[in-house]
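What follows is a set of notes on a single structure, which appears directly below.
Values in this text are rule-based calculations from the coordinates and carry no lab data. Every value quoted in this text rests on a predicted model; they were computed, and no experiment measured them. Ideal geometry is used to build each Cβ from the backbone, glycine not excepted, and the neighbour counts take in all protein chains shown.
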Amino acid sequence: MSRAGAGARAAHAALLAAATVLASLLLGRLGLPSPSLFAGLAVGLVDALAAPRPLALPERAGTAAQAVVGVTIGTLVQLSTLAALGEHWLPVLAVTVGTLLLSLGTGALLGRHRDVDAVTGAFALVAGGASGLVVIARQLGADERVVAVVQYVRVLLVVLSLPLVLQLVFGVHADGPAAAGAAGPVWAGLALTAACAAAGPWLGRRAHLPAASLLGPLLLAAAASLGGLTGGAGVPAPVQEVAYALVGLQVGLRFTPRSLVAVARVLPAALALIVVGVLGSAGLGVLLSAVTGLPALDTYLATTPGGLYAVLAAAVGAGADATFVLSVQVLRLLVMLLAAPALATLLAGRGRAAGG
């Protein structure tokens, strides 16, 4: 590449970075979940459709971002959190499996759409772990563009409707402090992130894990957290935001005019199925309350399908048991992400059999 070409590429990358930061700040002020990921998705999409020569994100940058997301999710797994399930672990696990089956049912219906295959339909409507699912969708054979858009439509619907549901159904307001972030000094969080993000993908490949760039760091960070080796440290917030922005850009830059039209055609059916999934999850929350005797507010928030940090902030503000809510949400997130490779293989196999 010539010096002029390299300079133009650097200027293009700087412009994309600045636009992503500004968009992320704006979306954050509006209170939207995962603002940096959504900002990266939007900026990448605009660049892919408007620029004469869209920028291609370096593969190493995408892989590093996926590893950081994996570490972020893994550090949520803590003994103190999972211990909050206590005697209710079996009904909680049953409800988690029920949520997975509900997601697969709605995903199967979406997979009948002419622009969506079975794997993409399932990943697009899996309830929980939106950022992780977007990261591994392409690696497991799904169209990550459809998955990203539908997943974040679901998260937005849940988050925007949450205050209204809490006020009208439960008679409470969610105007309390946000849930606390990771403890520990920043240097410890950086060291943990660097170690797990570097070793996790290598260990994942050695163990023949699918989507090793995400699941390897996730499992390594979870093991360190459960073993008490992290001291409460987690991925520093700025590092998380950069990683999510890179994931969003990675997806957005792969859009084409044709794929955008296809996603637009999918959205009406996806929105209807998202509503079915949200109502079904609420029903599972009612069932969990009836079986365990726990307050309906706690079980509703625990089974809400999306917007983990917004749900935790709402739980704290509404006076619900935030530790229980977090434990159920984390368990579901782990089940969904760890089950994803097997589900992709199963659905792809069925698709080939049906096609044959």
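Could you please state, rounded to a whole Å, how far the C-alpha centre of the range 193-241 is from the C-alpha centre of the range 1-79?
Cα centroid of the range 193-241 versus Cα centroid of the range 1-79: 21 Å apart.
What do you get for the angle between helix 35-50 and the principal long axis of the chain? Use alpha-carbon atoms, 0 to 90 degrees, nearest ten.
Rounded to the nearest ten degrees, it is 30.
Place +1 on the Cβ of every Lys and Arg and -1 on the Cβ of every Asp and Glu in the chain, take the dipole about the Cα centre, and give the residue among 172, 237, 301 whose Cα lies farthest towards its positive end.
The residue sitting farthest along the positive end of the dipole is 237.
What nm value, rounded to one decimal, do you get for the distance between residue 11 and residue 205 when each label is placed 7 Å out toward the C-beta?
Each label point lies 7 Å from its Cα, and together they span 3.7 nm.
Place +1 on the Cβ of every Lys and Arg and -1 on the Cβ of every Asp and Glu in the range 120-231, take the dipole about the Cα centre, and give the residue among 216, 135, 192 whose Cα lies farthest towards its positive end.
Going by the Cα projections, it comes out as 216.
So how strong a dipole does the chain carry about its Cα centre when Lys and Arg Cβ are +1 and Asp and Glu Cβ are -1, to the nearest 20 debye?
Using only the charged Cβ atoms, the result is roughly 1140 debye.
Give me the one-decimal nm value for the distance between modelled label points at residue 172 and residue 346, 7 Å along each residue's Cα-to-Cβ direction.
In this crude spin-label approximation the distance works out to 3.4 nm.
Given DSSP loops and a limit of at most 12 other Cβ atoms within 10 Å, what is the longest stretch of the chain that contains no such trypsin sites (Lys or Arg not before Pro)?
Counting only loop sites that pass the neighbour cut-off, the longest clear stretch is 115-356.
Which one of 71, 343, 326 has its Cα pushed farthest toward the positive end of the charge dipole of the chain, where Lys and Arg give +1 and Asp and Glu give -1 at the Cβ?
In the chain, that residue is 343.
Pull out the extension gain between residue 286 and residue 190, defined as 0.36 nm times the separation in residues minus the alpha carbon to alpha carbon distance; nm, one decimal.
30.5 nm
Any chance you could run the full-extension gain for residue 55 through residue 260? It's 0.36 nm times the residue separation minus the Cα-Cα distance, nm to one decimal.
72.0 nm
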